[in-house]
Amino acid sequence: MTKRLDGTVALVTGASSGIGEATATVLAEEGARVALVARRRDRLEALAARVGTENALVIEADVTDAEQAASAVATTVGELGRLDTLVNNAGVMLLGPIVGAPIDEWQRMVNLNLLGLLYCTHAALPHLLASAEREPRSVADVVNVSSTAGRVARLNSGVYNATKHGVGAFSESLRQEVTRRHVRVTIIEPGAVGTELASHNRPEVLEQMAQNFQGTEIMQAADIAESIRYAVTQPRRVAVNEILVRPTEQER
């Protein structure tokens, strides 16, 4: 039985866990060969074994380094022959007050949430544009994983908000630039998801987050991966530009 992404190649950043891992899994299920990009090779190799090594390419890289990001794209195209789908999922969320904040936390978020996404997109675009002119689908996709924080600025989320608003602005500008060339740009904006994303915060921030979501059934990574599957498997004539997805019980 022909699958919807047969004959295509996807690259997923932050593929070693959470939304990236789940997304790589569903894209492989749809028939895509998937380049798995992250810093933790052992996690990537375990994922490749689960989805089938014939369908996966492990690339250990830090996408905050422009040369490594470009090399990851070049390796994907060199090994797998093309690139049809880029999922910019790698990100970090470090919350807390702006006053007295550790500057290194801001730098980490800007470097990964914004610059890493920009580096990967810049390197991928020539290949995506080329794939959009070829069979089997004659369309290509850029999927940028943002957040509800990219829509509304909230207390104690200032720089994380800034990076995710930046993702939204960049994505919309890129969409206008390449949409007539059949490269679709999709922003995914999840609310609370049970992944490792929150675990990098300071203890006092983790305590506040736990209070904020006490009694709320939060989403799982697979839920967001299904949103991405929906966007990238649409017919060529359909572009899903934005998906906001929150836990049913999340109010804001």
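The values are calculated or read from the model by the stated rules, or taken from the named source; none is laboratory data. Here the structure is a predicted model, which means the values were calculated and not measured. Reconstructed Cβ throughout: ideal geometry from the backbone, glycine too, with neighbour counts over all protein chains shown.
Quick notes on this structure:
- Residues (farther than 25 Å from Glu135 by Cα and hydrophobic (A, V, I, L, M, F, W, C)) located in the range 38-57: Ala38, Leu44, Ala46, Leu47, Ala48, Ala49
- Among (1) in contact with a helix residue (DSSP H, G or I) (Cβ under 7 Å, 6 or more places away or on another chain); (2) at pLDDT below 95; (3) crowded, with 17+ Cβ neighbours inside 10 Å - the single one Ala221 does not satisfy: (2)
- Residue list for the range 50-108, restricted to those being touching a Ser or Thr at 6+ places or on another chain (Cβ under 6 Å) and among the small types (Gly, Ala, Ser): Ala90
- Among helices (runs of 4 or more DSSP H) entirely within the range 11-121, having at least 3 residues that are surrounded by fewer than 17 Cβ atoms within 10 Å (Cβ to Cβ) and of a type outside the set (Phe, Trp, Tyr) singles out 41-51, 66-80, 103-109.
- Residues in the range 224-235 that are of a type outside the set (Gly, Ala, Ser) and buried (at least 22 other Cβ atoms within 10 Å of the Cβ): Ile224, Ile228, Val232.
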